Amino acid sequence: MIVRSELEKLGISSSILGFGEVKVRNGISPENREKLKYALEKSGFELLDDQEGKLIEKIKAVCIERIHHSDEEWKNSFPEYLSRRLRQEYSYLANLFYEVKNITIRDFFINHKVERAKELLVYYKLNLTEVALQLNYRNIIHLSNQFRDVTGFTPCHFQEIKDLRSETQQKVRIM
């Protein structure tokens, strides 16, 4: 919606294609390109022109979609899933992603899985077994190890800190 709104403000005729892609119908002037780039950056977006940049954004979108929005059973490994979705060899995607983002797809994916685990623990009040199942971990030990590697805390310690903060905030509100 933000992208569409910014394009409309500049009078740029376009179609939203999905995965963060926009097709501009009648081209875009250099002046409007700079205005659009600035407006999108203010909203936390990035204007990408090249194919490799678009592919990086697609990789990120597939990772996030898979973790946060997919109820589909995880039948294949993520590299197989990503390769199939983007119709590219995983080794090519992995090399490109690392070259541009300076992080591996695997680490990007794990970081987002841990963020999702934190959401599920805090907002949905799921237990570790439920979180592990939902995020396709082999077991809660695997989840706990990755969680600790990313955050520095075990999931249980993370929950204790969250609970302490909640109690402290409630005491402050009461006083």
Original post:
For E52, are the conditions met, namely being in contact with a Leu (Cβ under 7 Å, 6 or more places away or on another chain), surrounded by 11 or more Cβ atoms within 10 Å (Cβ to Cβ), under 30 Å from N136 (Cα atoms) and not hydrophobic (A, V, I, L, M, F, W, C)?
Top reply: yes
Subject >> Top-ranked residue in the stretch 1-38 [being among the basic types (K, R) and more than 22 Å from K60 (Cα to Cα); ranked as surrounded by the fewest Cβ atoms within 10 Å (Cβ to Cβ)] >> reply: R25
Original post:
Out of (1) in contact with a His (Cβ under 8 Å, 6 or more places away or on another chain); (2) touching a residue at least 60 places away in the same chain (Cβ under 8 Å), what's the single condition that is false for W74?
Top reply: (1)
Subject >> In the stretch 1-24, residue farthest from L82 (Cα to Cα) [restricted to those that are assigned to a loop (DSSP other than H, G, I, E, B) and at pLDDT below 80] >> reply: M1
**OP:** Determine the pairs where a residue that is of a type in the set (V, I, T), located within the stretch 127-139, has a partner that is surrounded by fewer than 16 Cβ atoms within 10 Å (Cβ to Cβ) and assigned to a loop (DSSP other than H, G, I, E, B) with Cβ atoms under 9 Å apart, the partner being 6 or more residues away or on another chain.
**Re:** T129/N139; V131/Y124
Original post:
Where residues in the stretch 61-111 are surrounded by fewer than 18 Cβ atoms within 10 Å (Cβ to Cβ) and within 11 Å of the chain's Cα centre (by Cα), which of them is nearest to E21 (Cα to Cα)?
Top reply: A61
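The values are calculated or read from the model by the stated rules, or taken from the named source; none is laboratory data. Computed from a predicted structure; not experimentally measured. As a convention, Cβ positions derive from the backbone with ideal geometry for all residues, glycine included, and neighbour counts pool all protein chains shown.
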